[in-house]
Amino acid sequence: MQLLVDTGNSSIKWALRRGAGQPLTGFGAALHGGALPLDLLAVWDELDRIDAVLAAGVGPQSVRDAVAQVSRARFGIAPRWLHTRAEACGMRIAYADPAQLGVDRFLALIAAHRRAQAAAQPMSTLIVDAGTAVTFDALLADGRHLGGLILPGIRMQRESLLAGTQIPRHEPTDANLPWAVDTGQAIAAASIQAPAALLERLHHRLAAHAGAAPKLILTGGDAERLAAACDLPAELAPELVPELVLEGLAAFA
């Protein structure tokens with residue numbers, strides 16, 4: 001039995017796999033706040049016969065250290081940390097220096113490529129991970145990564161705006177409005193519409209490059225909020241895949 005762990009900037013996700021090639025089960029997720037949360041520890045305390053801990057992520061070193069400590073104490077093994085490579089599982093990244101591409105994006109690209117190859121007709125894919133940051137990556141059907149873009153996440157946009165201006169602090173509502181009629185709504189709506197607009201722009205650019213409309217995959221904690229704001233035809237509606245990075249981790253491992 002393998003425990004797969006994805007440590008993000010704000011949250012930690014995990015899943016179980018009964019050996020290579022087996023489906024993932026036992027999905028879980030929790031905000032970490034720089035340390036392993038108690039609800040995660042309670043779940044992991046119930047796990048038996050863990051033979052390997054496979055981990056990756058861009059989260060704080062304190063969380064990585066905590067994962068290693070708990071893994072050794074609870075399962076008697078050290079986690080195996082996976083890192084970005086130039087090429088893996090039929091996918092090649094665009095970055096000249098693999099260390100510059102976050103391992104979460106690398107693993108999401110692997111998972112998206114495997115999904116594309118499993119389809120009846122492989123197609124290009126736009127992968128959007130809406131978390132603390134919002135990342136956008138373009139992947140051709142043959143596994144070539146064209147590159148990507150990064151924006152502050154929805155919450156970070158709101159907090160940075162309030163921190164860097166004299167706008168009175170509001171508690172923004174989740175308003176997906178074309179026009180807002182108060183400041184809280186204006187901040188909330190813009191912080192969602194900005195990444196949604198970039199998503200649509202990149203989707204059109206990838207379609208022009210590939211010669212056909214790409215598949216759109218959304219993952220991350222704010223994926224549903226971003227999907228609701230997308231203005232794409234129904235047949236191009238995004239696919240929500242919360243476990244995308246863990247899928248890629250399993251394939252790469």
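The values are calculated or read from the model by the stated rules, or taken from the named source; none is laboratory data. All values reported here derive from a predicted model rather than from experimental measurement. Cβ atoms come from the backbone with ideal geometry, glycine included; neighbour counts cover every protein chain shown.
Counting residues in region 77-95 that are assigned to a helix (DSSP H, G or I) and not assigned by TED's automatic domain parsing to the domain that holds GLY248 gives zero. Entry remark, region 208-228: residues being more than 18 Å from the chain's Cα centre (by Cα) and part of a helix (DSSP H, G or I) number 3 in total.
From the list ALA197, ALA237, which one is under 22 Å from the mean Cα position of the chain (by Cα), surrounded by fewer than 17 Cβ atoms within 10 Å (Cβ to Cβ) and under 30 Å from TRP14 (Cβ atoms)?
Criteria check complete, one pass: ALA237.
Only a single criterion out of (1) without any contact (Cβ under 8 Å) to a residue 24 or more places away in the chain; (2) in contact with a Pro (Cβ under 9 Å, 6 or more places away or on another chain); (3) not assigned by TED's automatic domain parsing to the domain that holds TRP44 is not satisfied by ALA68, namely (3). Annotation note: of ALA108, ALA188, the sole residue that is closer than 22 Å to ASN9 by Cβ, touching a Ser or Thr at 6+ places or on another chain (Cβ under 7 Å), modelled with pLDDT of 95 or more and in a helix (DSSP H, G or I) is ALA108. Exactly one residue out of LEU16, LEU36 is in contact with a strand residue (DSSP E or B) (Cβ under 8 Å, 6 or more places away or on another chain), part of a loop (DSSP other than H, G, I, E, B) and surrounded by fewer than 21 Cβ atoms within 10 Å (Cβ to Cβ): that is LEU36.
Among the residues making up region 156-175, those that are under 24 Å from the mean Cα position of the chain (by Cα) and at pLDDT 85 or above are MET156, GLN157, ARG158, GLU159, SER160, LEU161. Scanning region 69-89 for residues that are within 23 Å of LEU101 (Cβ to Cβ) and hydrophobic (A, V, I, L, M, F, W, C) returns TRP81, LEU82, ALA86, ALA88, CYS89. Residue-level analysis places GLY26 among those that are free of Cβ contacts under 8 Å to residues at least 24 places away in the same chain, among the small types (Gly, Ala, Ser) and either in a loop (DSSP other than H, G, I, E, B) or under 20 Å from PRO242 (Cα atoms) (or both). Note on region 112-131: among residues that are aliphatic (A, V, I, L, M) and outside any helix (DSSP H, G or I), the one that is farthest from VAL241 (Cα to Cα) is ALA120. In the set (1) within 18 Å of the chain's Cα centre (by Cα); (2) crowded, with 17+ Cβ neighbours inside 10 Å, LEU149 fails one condition alone, (2).
Any residue that is closer than 25 Å to GLN100 by Cα and either surrounded by 20 or more Cβ atoms within 10 Å (Cβ to Cβ) or not assigned by TED's automatic domain parsing to the domain that holds ALA30 (or both) - is there at least one of those in region 157-175? Among the residues of region 157-175, at least one is closer than 25 Å to GLN100 by Cα and either surrounded by 20 or more Cβ atoms within 10 Å (Cβ to Cβ) or not assigned by TED's automatic domain parsing to the domain that holds ALA30 (or both), which makes the answer yes.
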